[in-house]
Amino acid sequence: MTELFRCSAEELARRVRSGSLSAREVVAAHLRRTEAVEPRIHAYLWLDPEGALRRADELDRRLAAGEDPGPLAGVPVAIKDNLALADAPMTCASRILEGYTAPNHAAAVERLLDAGAVVLGKTNLDELGMGSSCEYSAYGPTHNPWALERSPGGSSGGSAAAVAAGSVPLALGSDTGGSVRQPAAWCGLVGLKPTYGRVSRWGLVAFASSLDQVGPLGRCVRDVALALEVMAGPDDRDARSETPSSTTGSAGEDFLRGLEDGIDGRRFGVIRELPLSQGTAGQGSASTPGEPLDPQGEKIWRHNLAQLEALGAEVVDVSVPAVNAALAIYHVLANSEASSNLARFDGVRYGGRRPESREAGGGQGESLEELYLRSRSEGLGREVQRRILLGTFALSAGYREAYYERAQRVAALLRQQMEAALEMVDFLVSPTTATAPFPLGSRTDEPLAMYLADRFTCPASLAGLPAVAVPAGSDDAGLPRSLHLVGRRFGEAELLSAARAFETQVGWEVRPALADAA
Ligand code: GLN
């Protein structure tokens, strides 16, 4: 019999609901697996084995009484530590929130729980969601389960590593410019950033409010579709949450129904301006420096296009001239919003207060300004401070017009161009990242090189479009590679069915890494 930690979320829930397996057995098996892998990967900032077992027992009692807990009955999940879980600590991997306990559940978490999921713990991230490698966590990096000396990606690196290592079949992340998709890519997983507004952000610690979305990570497309189905839908507590006009009622859409429909006759657009072959910087790419695909990446990418064609799809060129400005615009807009969102972490409203030490006078005579400064300087890491400074600069008098407003105009142009392209084709397609996961420590001193990890993912964020990373095979070093698909606004059902068809064609096994830790 397959060990339980290898099973999909869908299968686990099915067996728990049918009574052939208890929630306790499922949770206990995943806790054992977590114990075996966690010392090597450090995916979690907080683990709650007792709470998880208590919850499993409660579900088993409800099942015994004839109740159906829902489509995620007994499924162990992990939650990125910038999403609130009531009565659990939430630090966002920042010193400034050390000791903070969340008063309620984030909307997305609440929906998973209402569907019968069991939370095992809160996962590591780049501090406050800012980073691409999980190395900007104040509590140490997470390791990639496929290659322990490498980064799992970021910022949702802990969630990705937990799923890849078999600690849980499903985890939540948040994605502002690529933070679900890029770690999914580097950990050989499926990661979805839903359409902006599809999933409520209520209870997510804001990074850049106009871009933030909560998204699921899983080992297969079906599990990700299942999680989306549970989480999607309007929520009065998020002013930007929306329902597509084509669906009615709060029950939302059935993302599993058309999942196996295939992609025969679908059109996939490759953005001509992206630097997708070696030695080309991408046409008209003067505004973004950066590496083209590495040779292995290019080979796999070419093969992926042939795989799409083998499924009956048509691959065509499309033009999105603003695409190479995306990374620059993203950093102006995201940092501007972050500088404003993070103003609340001042040691008074939120965040640990760091008064002057007693020896130095015990904080007496320290002005409020000095208190803020000390709390923020000591509580926030270097990358977060860098972003606050850049964002404050971009919003400051005299520069606002030149940076922030201009970036907004180019973002609007990019959105228009992407939507126009999506009238010619069903999906936009690219690799998810230009490179395989890099070794831990290799980019921490080079912020610009680090930022490039999001160059293929951030356009969809700026356009508010749904996008998914799907395993695309592995390179000669055994490292996972990934394909990135962007769909139409609220087109997750079609997007996921395309991802599912591709997944089947690639034949990437739904298997956890770290086989020797079983
Ligand atoms: N890696 C990107 C950044 O550093 C995106 C982060 C995210 O999506 N939260 O901003």
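List of remarks:
- Computed on the Cα trace of segment 388-518, the radius of gyration divided by the Kirkwood hydrodynamic radius gives Rg/Rh = 1.06.
- Within straight-line cross-link reach of residue 122, lysines at Cα separation under 26 Å, skipping those fewer than 8 residues along the same chain: 80, 193
- Distant-in-sequence amide H partners of residue 482 (H built 1.01 Å from N, under 5 Å): 432, 433, 472
- Over segment 425-512, accessible surface divided per residue gives 27 Å², non-protein components excluded, 1.4 Å probe.
- Solvent-accessible area of residue 419, all protein chains in place: 70 Å² (probe radius 1.4 Å, heavy atoms, ligands and nucleic acids excluded).
- Among the protein heavy atoms of segment 63-197, carbon and sulfur supply 51% of the accessible surface, probe 1.4 Å, non-protein parts ignored.
- Sorted peptide list for 131-144, 324-337, criterion being average Cβ within 10 angstrom, highest first: 131-144, 324-337
- The label-point distance for residue 389 and residue 100, in a model that sets each label 7 Å from Cα toward Cβ, rounds to 2.3 nm.
- For the chain, DSSP calls about 65 percent of its internal beta bridges antiparallel.
- Here's how it looks for residue 215: its modeled amide H is under 5 Å from those of 173, 174, 175, which are all 5 or more places away or on a different chain.
- Portion, in percent, of the accessible area of segment 423-506 that falls on carbon or sulfur, probe 1.4 Å: 47 percent
The values are calculated or read from the model by the stated rules, or taken from the named source; none is laboratory data. For clarity, every value in this text was computed on a predicted model and none was experimentally measured. All Cβ positions, glycine included, derive from the backbone under ideal geometry; neighbour counts span all protein chains shown. Heavy atoms of the whole protein, side chains included, go into the accessibility calculation; ligands, DNA and RNA do not. Shrake-Rupley method; radii C 1.70, N 1.55, O 1.52, S 1.80 Å.
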